[in-house]
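Here is the structure we will look at, set down as structure tokens.
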Amino acid sequence: MQQLLFDFIAAKQQQYVHDKIIIYASSVKKVQMLAAKLNCAAYYHASATKAAVLHEFLSDNCQLIVATNA
């Protein structure tokens with residue numbers, strides 16, 4: 001099931017190569033796990049790098065982030 005999800009995300013990254021993608025997860029633990037597996041930034045309320053992640057995402061330095069949905 002996870003491989004299907006990662007394949008779907010990879011396809012969307014190719015489809016929307018010039019756009020931003022945010023993947024939402026229901027917990028910080030899931031956000032951290034997905035971000036690690038996808039090699040992208042994690043954005044959640046207690047993250048020490050929250051401001052830097054948002055800045056990078058908004059300044060076109062990264063296409064994909066994983067964030068909590070709360």
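The values are calculated or read from the model by the stated rules, or taken from the named source; none is laboratory data. None of these values were measured; they are calculated from a predicted model. Virtual Cβ from ideal backbone geometry, glycine too; neighbours counted across all protein chains shown. To get the accessible areas, we keep the full protein, side chains included, count just its heavy atoms, and leave off ligands, DNA and RNA. Shrake-Rupley method; radii C 1.70, N 1.55, O 1.52, S 1.80 Å.
Here are a few things to note about the model shown:
- Qualifying residue in the stretch 18-28 (condition: in a helix (DSSP H, G or I) and touching a Cys at 6+ places or on another chain (Cβ under 8 Å)): no
- Subset of the stretch 33-50 that is within 19 Å of residue 13 (Cα to Cα) and assigned to a helix (DSSP H, G or I) - its residue that is most open to solvent (accessible area, probe 1.4 Å): 37
- The residues listed here are 66, 53; of these, the one that is part of a strand (DSSP E or B) and either basic (Lys, Arg) or surrounded by 15 or more Cβ atoms within 10 Å (Cβ to Cβ) (or both) is 66.
- For residue 17: the one exception among (1) touching a residue at least 40 places away in the same chain (Cβ under 8 Å); (2) within 13 Å of the chain's Cα centre (by Cα): (2)
- Of all the criteria given as (1) assigned to a helix (DSSP H, G or I); (2) in contact with a Cys (Cβ under 7 Å, 6 or more places away or on another chain); (3) of a type outside the set (D, E, K, R), the one not satisfied by residue 6 is (2).
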